[in-house]
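S.K.: If you scroll down you'll find the structure; I have some questions about it.
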Amino acid sequence: MLCLLIVSPVGEAQTIKYDKPIVIRKGGTYRGNWQSLDPKVPAVTVATSQKVIIEKSNIQSKGTLIYTAFTSANLTVRNTRGVALNPDRPLKEYRYPGRFLSAEEFKNIVLENNEMIGTSGIYLRAYKGQAKLGETIKILRNKALNIDGRYSMGKGQYSDKEYRLVQFVQFNAVRKISGAEIAWNQVINEPGKSRPEENINMYLSSGVPSSRIKIHDNYIQGAYAVNPRVSTYAGGGINAGDGSAKTVAEAAGHILVYRNEVVATSNNGIAVSAGHDIEVYNNRIIASGYLPSGAPIPAQNVGLYVWDARGDKARKTFFNITVRDNLVAWGNPLKGRDIQNPTWFPDCEPRKCYGNRVLPGRITLTMERQEYTRWLAKLKSAKITVGPISK
């Protein structure tokens, strides 16, 4: 058993004693402090379809923090703090910081008021639940710092070039789900300390016409290349529809993205590159094009776009994309002091992209900082706490 000395928000030192990894094989409520110092072993493995609640816990790992696969998990994690440790392995092993949660073939996932530090986020593949039983996905009021896919280069080091594609939330083949919601989360990524792809990505995932996937009222700040001074980076804020599909049933669809604040995510702010029946509206998308140091970002691209990236129109799986009433301020300082590239709509259908406003003039780092102040005021007004709730 190892101990970690941490400092609480009020400045009081607190020692956490960690137990060895745990495998949960029956339902119930679990509280504890678990860690794994082996990148191949999750700190917590859920190996049952019975309802499991993990709460008021501390989890850290050199690999996956919480793992469940092929057991139709019904899992709730709340008021829990997760820290990813450097795997401390050579580059040839391609080890990257652990996912806070990696779940495959599950039936119900609820993540509420958790804190994630240096993890590679949340990966959810293949929903197997039933809407009539209320089985769905809820990712609500979580706080994440530095979503990181950089590969380890040995003890205490990360590669400055090589990385894995990771996200704050990745849906992969989560299809025909009712009641799914990603809301009121705070995600902040710092340049040089993180490497997300999109912070939220809907890959070949869909709601249903009567209950669309809702992505709303999130604050997302920062998305950078491993080296933010290079020009190659394909990540960003939110991709509301991704993945080439041969059929409508396989495609991303029936998704709502609204009232989010997306700030300083370099390459793009909000994108729709695939899918159908997707609506993006009333979001704030703000980026100066500068790093916090004041250096311009070579990978700065476009704030908001609709683009049939994989030729899905020909397969009739890219249609009915609505992008309306968003506020965009997307500076591109390497092209000029007051130059912006706010929107790009090469594949919007007629009268489907409208009412989007562009802030005129130069976009500054001060304007980015004001968005965080706006977010804090929004939380206060809504009486919402992100991250663990202390008693």
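The values are calculated or read from the model by the stated rules, or taken from the named source; none is laboratory data. Quick caveat: nothing in here was measured; it's all calculated off a predicted structure. For neighbour counting, all protein chains shown are included, and Cβ atoms are generated from backbone atoms with ideal geometry for every residue, glycine included. Protein only, heavy atoms only, side chains kept; ligands, DNA and RNA dropped before computing areas. Shrake-Rupley method; radii C 1.70, N 1.55, O 1.52, S 1.80 Å.
S.K.: For segment 84-115, enumerate the residues that are over 23 Å from residue 50 (Cα atoms) and over 16 Å from the mean Cα position of the chain (by Cα).
M.R.: The initial filter retains those residues of segment 84-115 that are over 23 Å from residue 50 (Cα atoms), namely 84-98, 115.
Residues satisfying the conditions are 85, 86, 87, 88, 89, 90, 91, 92, 93, 94, 95, 96.
S.K.: With 251, 264, 274 as the choices, which residue is within 26 Å of residue 333 (Cβ to Cβ) and either modelled with pLDDT of 95 or more or touching a strand residue (DSSP E or B) at 6+ places or on another chain (Cβ under 6 Å) (or both)?
M.R.: Being within 26 Å of residue 333 (Cβ to Cβ) and either modelled with pLDDT of 95 or more or touching a strand residue (DSSP E or B) at 6+ places or on another chain (Cβ under 6 Å) (or both) holds for just one of 251, 264, 274, which is 264.
S.K.: Have a look at 231, 288, 244 and point out the one that is open to solvent by 10 Å² or more (accessible area, probe 1.4 Å), small (Gly, Ala, Ser) and over 29 Å from residue 177 (Cα atoms).
M.R.: On the way: 288 fails: open to solvent by 10 Å² or more (accessible area, probe 1.4 Å); 244 fails: over 29 Å from residue 177 (Cα atoms).
Sole residue among the options that is open to solvent by 10 Å² or more (accessible area, probe 1.4 Å), small (Gly, Ala, Ser) and over 29 Å from residue 177 (Cα atoms): 231.
S.K.: Search segment 116-162 for residues being without any contact (Cβ under 8 Å) to a residue 60 or more places away in the chain and among the polar types (S, T, N, Q), and hand back the single one that is surrounded by the most Cβ atoms within 10 Å (Cβ to Cβ).
M.R.: The extreme case among them is 120.
S.K.: Which residue is farthest from residue 176 (Cα to Cα), if the candidates are limited to segment 71-84 and must be open to solvent by 20 Å² or more (accessible area, probe 1.4 Å) and part of a loop (DSSP other than H, G, I, E, B)? Step through it out loud before you land on a result.
M.R.: The first filter runs over segment 71-84 and keeps only residues open to solvent by 20 Å² or more (accessible area, probe 1.4 Å), leaving 71-72, 74, 78-79, 81, 83.
From what's left, part of a loop (DSSP other than H, G, I, E, B): 71-72, 79.
Numbers: 71: 20, 72: 16, 79: 29 Å.
The residue in question is 79.
S.K.: Moving on. Checking residue 87 against (1) of a type outside the set (Ser, Thr, Tyr); (2) touching a residue at least 40 places away in the same chain (Cβ under 8 Å); (3) open to solvent by less than 10 Å² (accessible area, probe 1.4 Å); (4) not in a loop (DSSP other than H, G, I, E, B), which test does it fail?
M.R.: (4)
S.K.: Within segment 312-335, how many residues are open to solvent by less than 30 Å² (accessible area, probe 1.4 Å) and closer than 12 Å to residue 274 by Cβ?
M.R.: As a first pass, look at segment 312-335 and keep what is open to solvent by less than 30 Å² (accessible area, probe 1.4 Å): 312, 317-318, 321-323, 326-333.
Of the ones still in play, those that are also closer than 12 Å to residue 274 by Cβ are 312, 317-318, 321.
Residues that pass the stated criteria total 4.
S.K.: Within segment 216-250, can you find the residues that are assigned to a strand (DSSP E or B) and not β-branched (Val, Ile, Thr)?
M.R.: Taking segment 216-250 as the starting set, the residues that turn out to be assigned to a strand (DSSP E or B) are 216, 219-221, 236-242.
Those that are assigned to a strand (DSSP E or B) and not β-branched (Val, Ile, Thr): 216, 219, 221, 236, 237, 239, 240, 241, 242.
S.K.: Taking segment 336-389 as the search range and keeping residues that are among the hydroxyl-bearing types (Ser, Thr, Tyr) and in contact (Cβ under 8 Å) with a residue 24 or more places away in the chain, which one is surrounded by the fewest Cβ atoms within 10 Å (Cβ to Cβ)?
M.R.: Restricting attention to segment 336-389, the residues satisfying the condition of being among the hydroxyl-bearing types (Ser, Thr, Tyr) are 343, 354, 364, 366, 372-373, 381, 385.
Narrowing further to those that are in contact (Cβ under 8 Å) with a residue 24 or more places away in the chain: 343, 354, 364, 372, 385.
Details: 343: 20, 354: 12, 364: 16, 372: 16, 385: 14.
Among those that are among the hydroxyl-bearing types (Ser, Thr, Tyr) and in contact (Cβ under 8 Å) with a residue 24 or more places away in the chain, it is 354.
S.K.: Still on this structure, I have one more. Quick check on segment 197-215. Is at least one of its residues at pLDDT below 95, part of a loop (DSSP other than H, G, I, E, B) and over 16 Å from residue 124 (Cβ atoms)?
M.R.: Taking segment 197-215 and keeping what is at pLDDT below 95, we get none.
Within segment 197-215, none of the residues are at pLDDT below 95, part of a loop (DSSP other than H, G, I, E, B) and over 16 Å from residue 124 (Cβ atoms).
S.K.: Still on this structure, I have one more. Can you tell me which condition residue 107 does not meet? The list is (1) open to solvent by 40 Å² or more (accessible area, probe 1.4 Å); (2) under 22 Å from residue 197 (Cβ atoms), and all the others hold.
M.R.: Residue 107 satisfies every listed condition except (2).
Conditions (1) modelled with pLDDT under 95; (2) farther than 13 Å from residue 147 by Cβ; (3) touching a helix residue (DSSP H, G or I) at 6+ places or on another chain (Cβ under 6 Å); (4) charged (D, E, K, R), marked per residue:
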site: 175; (1), (2), (3), (4): no, yes, no, yes
site: 184; (1), (2), (3), (4): no, yes, no, no
site: 194; (1), (2), (3), (4): no, no, no, no
site: 239; (1), (2), (3), (4): no, yes, no, no
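S.K.: Which residues, taken from segment 151-166, are assigned to a loop (DSSP other than H, G, I, E, B) and either among the aliphatic types (A, V, I, L, M) or farther than 20 Å from residue 199 by Cβ (or both)?
M.R.: Within segment 151-166, the first condition is being assigned to a loop (DSSP other than H, G, I, E, B), and the residues that meet it are 153-157, 164-166.
Within segment 151-166, 153, 154, 155, 156, 157, 165, 166 meet the criteria.
S.K.: How many residues are surrounded by 24 or more Cβ atoms within 10 Å (Cβ to Cβ) and at negative phi if we restrict to segment 256-272?
M.R.: 10
S.K.: Looking at 244, 266, which is the one that is closer than 17 Å to residue 203 by Cα and hydroxyl-bearing (Ser, Thr, Tyr)?
M.R.: None of the others qualify; the one that does is 244.
S.K.: Within segment 252-269, can you find the residues that are small (Gly, Ala, Ser) and touching a Phe, Trp or Tyr at 6+ places or on another chain (Cβ under 8 Å)? It would help to see each step written out before you state the result.
M.R.: Just the residues of segment 252-269 that are small (Gly, Ala, Ser), to begin with: 252-253, 264, 266, 269.
Those that are small (Gly, Ala, Ser) and touching a Phe, Trp or Tyr at 6+ places or on another chain (Cβ under 8 Å): 252, 266, 269.
S.K.: Have a look at 48, 68 and point out the one that is surrounded by 24 or more Cβ atoms within 10 Å (Cβ to Cβ) and farther than 22 Å from residue 223 by Cβ.
M.R.: Working: 48 fails: surrounded by 24 or more Cβ atoms within 10 Å (Cβ to Cβ).
Matching residue, one of 48, 68: 68.
S.K.: Another one. Out of all the residues in segment 92-108, which are part of a strand (DSSP E or B), farther than 15 Å from residue 44 by Cα and not acidic (Asp, Glu)? So that I can check it myself, show each step before the final result.
M.R.: So in segment 92-108, the residues part of a strand (DSSP E or B) come out as 101-106, 108.
Add one more test, that the residue is farther than 15 Å from residue 44 by Cα, and what stays is 105-106, 108.
106, 108 - these are the residues of segment 92-108 that are part of a strand (DSSP E or B), farther than 15 Å from residue 44 by Cα and not acidic (Asp, Glu).
S.K.: Within 16 Å of the chain's Cα centre (by Cα), touching a residue at least 40 places away in the same chain (Cβ under 8 Å) and open to solvent by less than 10 Å² (accessible area, probe 1.4 Å), is that true of residue 253? Even if it seems obvious, please write down each step before you answer.
M.R.: Values: within 16 Å of the chain's Cα centre (by Cα): no; touching a residue at least 40 places away in the same chain (Cβ under 8 Å): yes; open to solvent by less than 10 Å² (accessible area, probe 1.4 Å): yes.
Considered against the rule, which asks whether it is within 16 Å of the chain's Cα centre (by Cα), touching a residue at least 40 places away in the same chain (Cβ under 8 Å) and open to solvent by less than 10 Å² (accessible area, probe 1.4 Å), residue 253 comes out as no.
S.K.: Do you know which of the residues in segment 26-45 that are touching a strand residue (DSSP E or B) at 6+ places or on another chain (Cβ under 6 Å) and under 15 Å from residue 101 (Cα atoms) is surrounded by the fewest Cβ atoms within 10 Å (Cβ to Cβ)?
M.R.: 45
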